[in-house]
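Undergrad: I am attaching a structure below and will ask some questions about it afterwards.
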Amino acid sequence: MIALIGLVAGVLLGLLLQPTVPLWLQPYLPIAIVAALDAMFGGLRARLEGIFDEKVFVVSFLSNTIIAALIVFLGDQLGVGSQLSTGVVVVLGIRIFSNVAAIRRKLFKA
Amino acid sequence: MSGRPETKPPEADEERGAPPSASGPPSEAAGLRAMLWPRANRAQLVVGLLCLLLGFAAVAQVKSTKADTGFVTARQDELVGILSDLSRRSERLRGDIRDLEGTKASLERDGQGETALEEARERAHTYGLLAGTLPAVGPGITLDITDPSRRVRADVLLDTLQELRDAGAEVIQVNDVRIGVDSHFLDSPGGGVEVDGRRLQAPYRFVAIGDPHTLATALNIPGGVMKTLMGAGANGSITQHQRISVSAVRS
């Protein structure tokens, strides 16, 4: 519940403060957000399966975002930034889908 | 996502007094309710904080994606192209500013209206060239079209003219007819083509003033004028000139 409140509060804060993304963060933020989404859905799934652990969630959230951003950074340095970000987005997208499928099965039994 | 199982007091659900949902077994509904019930310990707060961060970042990203004009997603060579376009344009505009400032300064300096007269004369000359009432000299090309099989019709010549105009030709003459904005081409019944009421016979000769290289390239593009001419059994030859004169005028 606190997580949900936090999410809503974050969105409201973003709408109110109208932040601009700093330039150095611009290539990495989209990927980091997708990675964080993956962590969030993973957490939701674990919660529904009754194996949720805050520590695991926090660690996976942080490591997901940081690793995703690092991969993009490395890709930019190697000159394959756009391809690598596509790859990361595909992998994270697949994980999000499988997590959401598990959540759906848990919730609706379908 | 593995970890030690969550310990949740089952009696907490009973206290809230919500009836178990009809569809799922009670344990599912209880799990959902327990998930939605705020439990404020430090770990939960950290989770909430991370979610806050996620929401904030997502909104910020969406906003900046909406705001930017696609430069972030553009490739490096595209960006370089855009940049060089812009700097070329600003260079040109700066040149225009210099010219206009020079004109302004000389207009202010001169009391007798000498510069104004000069300006007006220059403008009249430009308009005369565009209207076709003045002869012109400059770099350009000649395009000679021989038509042994007599299959070059008015539309082919019109296409050629439009191609030249597109490529930036400023002054154009076909045989001895100066082309203006309202020039027209007609198939003549006895063969040949009528241009602005004057009957022309092959070979046709286009004289166009403009950047010779650009004009020649425009005529030579694959599937362009030269290919069409060849397809009609005609032969076109382009000659680039550093200085060529268009002497025909319109009345």
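Undergrad: Would you mind telling me which numbered condition in (1) within 17 Å of the chain's Cα centre (by Cα); (2) surrounded by fewer than 18 Cβ atoms within 10 Å (Cβ to Cβ) residue A:72 fails?
TA: For residue A:72, the failing item is (2).
Undergrad: Something else: Within segment A:40-54, identify whether any single residue is more than 7 Å from chain B (Cβ to nearest Cβ) and assigned to a loop (DSSP other than H, G, I, E, B), and answer yes or no.
TA: yes
Undergrad: Can we say residue A:103 is open to solvent by 50 Å² or more (accessible area, probe 1.4 Å) and in a helix (DSSP H, G or I)? Spell out the reasoning first.
TA: Details: open to solvent by 50 Å² or more (accessible area, probe 1.4 Å): no; in a helix (DSSP H, G or I): yes.
Taking the combined requirement at face value, the residue does not satisfy it.
Undergrad: Quick one: what pairs do we get from segment A:82-94, first residue within 15 Å of residue A:33 (Cβ to Cβ), second hydrophobic (A, V, I, L, M, F, W, C), C-beta under 6 Å, 6+ apart or different chains?
TA: A:85/A:31; A:85/A:72; A:88/A:31; A:88/A:68; A:88/A:71; A:89/A:34; A:92/A:34; A:92/A:35
Undergrad: Which of the residues belonging to segment A:3-32 are small (Gly, Ala, Ser) and either more than 7 Å from every other protein chain (Cβ to nearest Cβ) or crowded, with 18+ Cβ neighbours inside 10 Å (or both)? Please lay out each step first, then the result.
TA: Of all residues in segment A:3-32, those small (Gly, Ala, Ser) come to A:3, A:6, A:9-10, A:14, A:32.
Correct list: A:3, A:6, A:10, A:14, A:32.
Undergrad: Going through segment B:183-199 one residue at a time, which ones are at pLDDT 85 or above and open to solvent by less than 40 Å² (accessible area, probe 1.4 Å)?
TA: Hits for segment B:183-199 are B:183, B:185, B:193, B:195.
Undergrad: Against the condition modelled with pLDDT under 90, more than 8 Å from chain A (Cβ to nearest Cβ) and in a helix (DSSP H, G or I), how does residue B:79 come out, does it pass? First the steps, then the outcome.
TA: Working: modelled with pLDDT under 90: yes; more than 8 Å from chain A (Cβ to nearest Cβ): yes; in a helix (DSSP H, G or I): yes.
Yes: the conditions hold for residue B:79.
Undergrad: Which of (1) more than 22 Å from residue B:47 (Cα to Cα); (2) surrounded by fewer than 16 Cβ atoms within 10 Å (Cβ to Cβ); (3) facing chain B (nearest Cβ under 7 Å) does residue A:91 not meet, given it meets every other one?
TA: Of (1) more than 22 Å from residue B:47 (Cα to Cα); (2) surrounded by fewer than 16 Cβ atoms within 10 Å (Cβ to Cβ); (3) facing chain B (nearest Cβ under 7 Å), only one is false for residue A:91: (3).
Undergrad: Considering only segment A:51-73, I want to know if a residue exists there that is closer than 30 Å to residue A:24 by Cβ, polar (S, T, N, Q) and touching a residue at least 40 places away in the same chain (Cβ under 8 Å).
TA: For segment A:51-73, residues closer than 30 Å to residue A:24 by Cβ, polar (S, T, N, Q) and touching a residue at least 40 places away in the same chain (Cβ under 8 Å): absent.
Undergrad: I need a count of the residues in segment B:168-182 that are open to solvent by 20 Å² or more (accessible area, probe 1.4 Å) and of a type in the set (Gly, Ala, Ser).
TA: We begin by selecting, within segment B:168-182, every residue open to solvent by 20 Å² or more (accessible area, probe 1.4 Å); these are B:168, B:170, B:175-176, B:181-182.
Keeping just the survivors that are of a type in the set (Gly, Ala, Ser) gives B:168.
Count: 1.
Undergrad: Going by the conditions given, is residue B:107 free of Cβ contacts under 8 Å to residues at least 60 places away in the same chain and within 30 Å of residue B:182 (Cβ to Cβ)?
TA: Details: free of Cβ contacts under 8 Å to residues at least 60 places away in the same chain: yes; within 30 Å of residue B:182 (Cβ to Cβ): no.
Spelling it out, it is not the case that residue B:107 is free of Cβ contacts under 8 Å to residues at least 60 places away in the same chain and within 30 Å of residue B:182 (Cβ to Cβ).
Undergrad: A further question on this structure: Just to be sure before I move on: is residue B:65 under 30 Å from residue A:24 (Cβ atoms) and either outside any loop (DSSP other than H, G, I, E, B) or at pLDDT below 75 (or both) in the structure I sent?
TA: Details: under 30 Å from residue A:24 (Cβ atoms): yes; either outside any loop (DSSP other than H, G, I, E, B) or at pLDDT below 75 (or both): yes.
So residue B:65 fits the description; yes.
Undergrad: Also, quick follow-up: Please state which of the following conditions residue A:5 fails to meet, knowing it meets all the rest: (1) in contact (Cβ under 8 Å) with a residue 24 or more places away in the chain; (2) part of a helix (DSSP H, G or I).
TA: (1)
Undergrad: Which is of a type in the set (A, V, I, L, M) and open to solvent by 70 Å² or more (accessible area, probe 1.4 Å), of B:221, B:238, B:244? Talk me through it step by step, then tell me what you get.
TA: Numbers: B:238 fails: open to solvent by 70 Å² or more (accessible area, probe 1.4 Å); B:244 fails: open to solvent by 70 Å² or more (accessible area, probe 1.4 Å).
Answer to the selection: B:221.
Undergrad: Okay, next question. Could you list, in sequence order, the residues of segment B:110-130 that are assigned to a helix (DSSP H, G or I) and loosely packed, with under 13 Cβ neighbours inside 10 Å?
TA: B:114, B:117, B:120, B:121, B:122, B:123, B:124, B:125, B:126, B:127, listed by residue number.
The values are calculated or read from the model by the stated rules, or taken from the named source; none is laboratory data. Nothing here was measured: the structure is a model prediction, and the numbers come from that model. No Cβ is skipped: glycine too gets one built from the backbone with ideal geometry, and neighbour counts run over all protein chains shown. For the accessible areas, the whole protein counts, side chains as well, though only heavy atoms, and no ligand, DNA or RNA atoms are used. Shrake-Rupley method; radii C 1.70, N 1.55, O 1.52, S 1.80 Å.
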